[in-house]
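Notes follow the structure.
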Amino acid sequence: MAGSDTAAPPAVPAAAPDTVKILIAGGFGVGKTTMVGAVSEITPLRTEEPLTVAGLDVDDLKGIEEKRSTTVALDFGRISIGDDLVLYLFGTPGQQRFWFMWNDLAIGALGAVVLIDVRRPESSFAAVDFFERRKIPFVVAVNGFHGLHPYPPEEIRESLALPENVPVLLCDARERESCRDVLIALIDRLIADFTLRSPPPT
Ligand SMILES: Nc1nc2c(ncn2[C@@H]2O[C@H](COP(=O)(O)OP(=O)(O)OP(=O)(O)O)[C@@H](O)[C@H]2O)c(=O)[nH]1
Ligand SMILES: [Mg+2]
């Protein structure tokens, strides 16, 4: 029959991409919402509320005087890495009074970005501690406000007493490419950890 031996093979349905939950964490006003918004390929979900006079004694706005709102629950965004991997990004709230939500947000997370404001690194110490205690792999991303990076990554690693296997990256939370590089470094770390844990083939 004409054309029967040239028929196209049946279409193989494309496999669904793997999905991974990632947290974007760190102290108050370090740029978490900015990072999720910069890198997300969908309009991010935000739960921002205005900062009010009532919080003036509690919220330390030194260095972030222009800040007008704060995350009260979470940020949510999504980014595809190639055809095979989709990252679901969950930004945490930064203010201490909302930290009780971090435990729930961390459920099912494979890894995290701990974002640090280069001018106030101490505001993210608790985030480093949070992921170390729970043995959730993380990378440290140093947000150079106004694009300034006065300290090399190794100096930041020493000051945070981070082990060698925790990547430290300089970034700009407003720049998509910069945030994407941070996420790719995290995926590389997750793959390296997984490879180390997997038994060698027999
Ligand atoms: N100049 C400059 N401003 C930034 C940068 N990253 C964030 N900002 C600004 O800093 C402020 C705080 O950023 P957010 O993204 O809201 O920080 P956050 O960590 O989500 O804050 P919380 O949710 O309140 O903890 C906002 O006014 C941002 O526009 C940066 O790299 N450079
Ligand atoms: Mg926020």
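The values are calculated or read from the model by the stated rules, or taken from the named source; none is laboratory data. Bear in mind that the values here come from a model prediction, so they are computed numbers and not experimental data. Neighbour counts are summed over all protein chains in view; Cβ atoms, including those assigned to glycine, are modelled from backbone coordinates with ideal geometry.
Observations on the structure shown:
- Residue within region 46-59 that is under 16 Å from the mean Cα position of the chain (by Cα) and under 30 Å from Ala185 (Cα atoms) present: yes
- Scan of region 65-97 for residues that are surrounded by fewer than 19 Cβ atoms within 10 Å (Cβ to Cβ) and either over 30 Å from Ala15 (Cα atoms) or within 14 Å of ligand 2 (Cβ to nearest atom) (or both), ordered by number: Glu65, Glu66, Lys67, Arg68, Ser69, Val72, Ala73, Phe76, Gln95, Gln96, Arg97
- Summed over region 1-45, residues that are modelled with pLDDT of 95 or more and surrounded by fewer than 17 Cβ atoms within 10 Å (Cβ to Cβ) total 6.
- Residues that are more than 14 Å from ligand 2 (Cβ to nearest atom) and either among the basic types (Lys, Arg) or under 15 Å from the mean Cα position of the chain (by Cα) (or both) within region 116-127 comprise Ile116, Arg119, Arg120, listed in sequence order.
- Filter pass, Val113 being among the aliphatic types (A, V, I, L, M), in contact with a Pro (Cβ under 9 Å, 6 or more places away or on another chain) and more than 12 Å from ligand 2 (Cβ to nearest atom): no
- Within the option set Leu45, Leu85, Leu61, being closer than 22 Å to Ala126 by Cα and among the aliphatic types (A, V, I, L, M) holds for one residue only, Leu61.
- Whenever a residue of region 25-39 is free of Cβ contacts under 8 Å to residues at least 60 places away in the same chain and within 9 Å of ligand 2 (Cβ to nearest atom), its partners that are polar (S, T, N, Q) and outside any helix (DSSP H, G or I), lying with C-beta atoms within less than 7 angstrom and at least six residues away or across chains, give the pairs Thr33/Thr71.
- Qualifying residue in region 146-154 (condition: of a type outside the set (A, V, I, L, M), modelled with pLDDT of 95 or more and within 18 Å of the chain's Cα centre (by Cα)): yes
- Residue-level check: of (1) more than 16 Å from ligand 2 (Cβ to nearest atom); (2) within 12 Å of Val30 (Cα to Cα), Gly108 misses just (2).
- Of all residues in region 183-202, those that are in contact (Cβ under 8 Å) with a residue 24 or more places away in the chain have Cβ atoms under 8 Å from Cβ atoms of residues that are assigned to a helix (DSSP H, G or I) and buried (at least 17 other Cβ atoms within 10 Å of the Cβ), 6 or more apart or on another chain, in Leu183/Val39.
- When Phe100 is tested against the conditions (1) more than 22 Å from Ile187 (Cα to Cα); (2) away from ligand 2 (no atom under 13 Å from the Cβ); (3) in contact with a helix residue (DSSP H, G or I) (Cβ under 6 Å, 6 or more places away or on another chain), the lone failure is (3).
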